[in-house]
1. State the answer as a single residue: which of 200, 417, 441 lies farthest towards the positive end of the charge dipole of the chain, with beta carbon charges of +1 for Lys and Arg and -1 for Asp and Glu, about the Cα centre.
2. Using only the alpha carbon atoms of segment 258-310, find the Kirkwood hydrodynamic radius as the inverse mean reciprocal pair distance, in angstroms to one decimal.
3. Give the percent of DSSP beta bridges with both residues in the chain that are antiparallel, rounded to the nearest 5.
4. Note down the magnitude of the dipole of segment 1-128 about its Cα centre, charges +1 on Lys and Arg C-beta and -1 on Asp and Glu C-beta and zero elsewhere, to the nearest 20 debye.
5. Which entry in [x] 70, 58, 43; [y] 59, 54, 46; [z] 65, 59, 48 matches Cα extents along the principal axes in Å derived from the coordinates of this structure?
6. Once fully extended, how much extra length lies between residue 170 and residue 332, figured as 0.36 nm per residue of separation less the alpha-carbon to alpha-carbon distance?
7. Determine ³J(HN,Hα), in whole Hz, for all residues of segment 52-61 in sequence, where each value follows from phi through the Karplus function 6.51 cos²θ - 1.76 cosθ + 1.60 and θ = phi - 60°; x replaces Gly and Pro.
8. To the nearest 20 debye, what is the magnitude of the charge dipole of the chain about its Cα centre, counting +1 on the Cβ of each Lys and Arg and -1 on the Cβ of each Asp and Glu?
Amino acid sequence: MEIPFAEAYRIKMVEPLRKSTREEREKWLKDANYNLFGLKSEQVYIDCLTDSGTGAMSDRQWAAMMTGDEAYAGSKSFFELKETIGRLTGFEYVIPTHQGRAAENVLFSHLVKAGDIIPGNSHFDTTKGHIEFRKATALDCTIDAAKDTQLELPFKGEVDCAKLEKALAEHAEKIPFIIVTVTNNTAGGQPVSMKNLRDVRAIADKYGKRIVFDSARFVENAYFIKTREEGYADKTIKEIVKEMYSYADGMTMSSKKDGLVNMGGFIATRHEDWYEGAKRFCIPFEGFLTYGGMNGRDMAALAVGLDENTELETIETRIKQVQYLAAKLDEYGIPYQRPVGGHAIFVDASKVLTNIPKEEFPAQTLALEVYLEAGVRGCEIGYILADRDPVTRENRFGGLDLVRFCIARRSYTNNHMDVIAAALKNVYDRRHEIKRGVKIVWETELMRHFTVKLERITE
């Protein structure tokens, strides 16, 4: 018989998990104002809130932690990290930051001003927040097909080149750069093809614009290019990564995802002027240039993690577990953003809770129900996360309303995937009994979903 697929690692250390009762979870949710971010870690059985910094590091990464150089200036660990990033991406200039949104803050402080327009493929919440905080506009140029969750497309996170060209033709003087997110998180963890990256590069060159890759899950994107795009099956992940970044001018990175570390990020670029501009903000916001927002041991672990994750065996194990969960949901008939992405399942709440009007936030309601069912914490990627229009202050209901179940890297077994799937099935089976959603009783102006306070609608 054919030898089945198995994880490319074995477990050295475990962390106990506590199950809870439904009565406990009801109280905890109320105390948290029906915001899953407000729950304590020990109140969660299986945590799928995010894959950001929640994974397990390897023995090689832990060994690197022990030898990290904590010099304030000139840290050996920084130069090890710089060498690794340069080898993988071709970018010469590197600025460490404490995480991805810090990288955006530092780079955008140099590049973005009031009145600017930043086109891209479905800016994620922090990216959009950093743009709108500066009184600029985040322009979505994602392909329309991304909004049809049941449509099977191999590269559903792509930039619509016609939309991008139109934006540049009409607003070129207001566009400082273009963002391409790989993979496209807001669209459901969907990848971008190498052809699309080349096409975007050609349009950028036509108008004299530069490109930034939001690179949190760039390795997952490279894996999908290898497995789905003609001509790349025999390429290594590292070779594909190198070609991807040949079409970019710089990158922001949340290393807590595909860097396989629990904290860290960086900016990298091939352009000295971007580096010189950004470093002026790194020192006051993050720290000196050879540590930024990271300590030496974390930089050392990140250098190892980037090398490990750009090997096929590591990234394949990660993708296969998410695909395992997707197969379970297929068996139960639960609609999600298809095809399954690399880091998460994005369940289409608008197709599950058809009784709940959009004004009562179906995705948030579904996420609450799954937590009540089995202590599984997901995350709304929908109408609450979309925030209000900065001009009209109306809720933005034009996008997808999804519940994201992120899978932490090298942390859970497929038995845990079975629990997540069963919890979703049980809620799905009683979906018609869920008549009302939630309402907002307090929110911040930007990135409200982290701290929003909600109430159940009962009347």
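Laboratory data are not the source of any read-out in this text; all were calculated from the coordinates shown. Please read all numbers here as calculations on a predicted model, not as lab measurements. Don't worry about glycine lacking a Cβ; one is built from the backbone with ideal geometry, like all the others, and counts go over all protein chains shown.
1. Looking along the dipole axis, the top candidate is 441.
2. 12.0 Å
3. 65 percent
4. Computed charge dipole of segment 1-128: roughly 220 debye.
5. [y]
6. My answer for the length gained is 53.6 nm.
7. 8, x, 9, x, 9, 7, 7, 4, 5, 5
8. 500 debye
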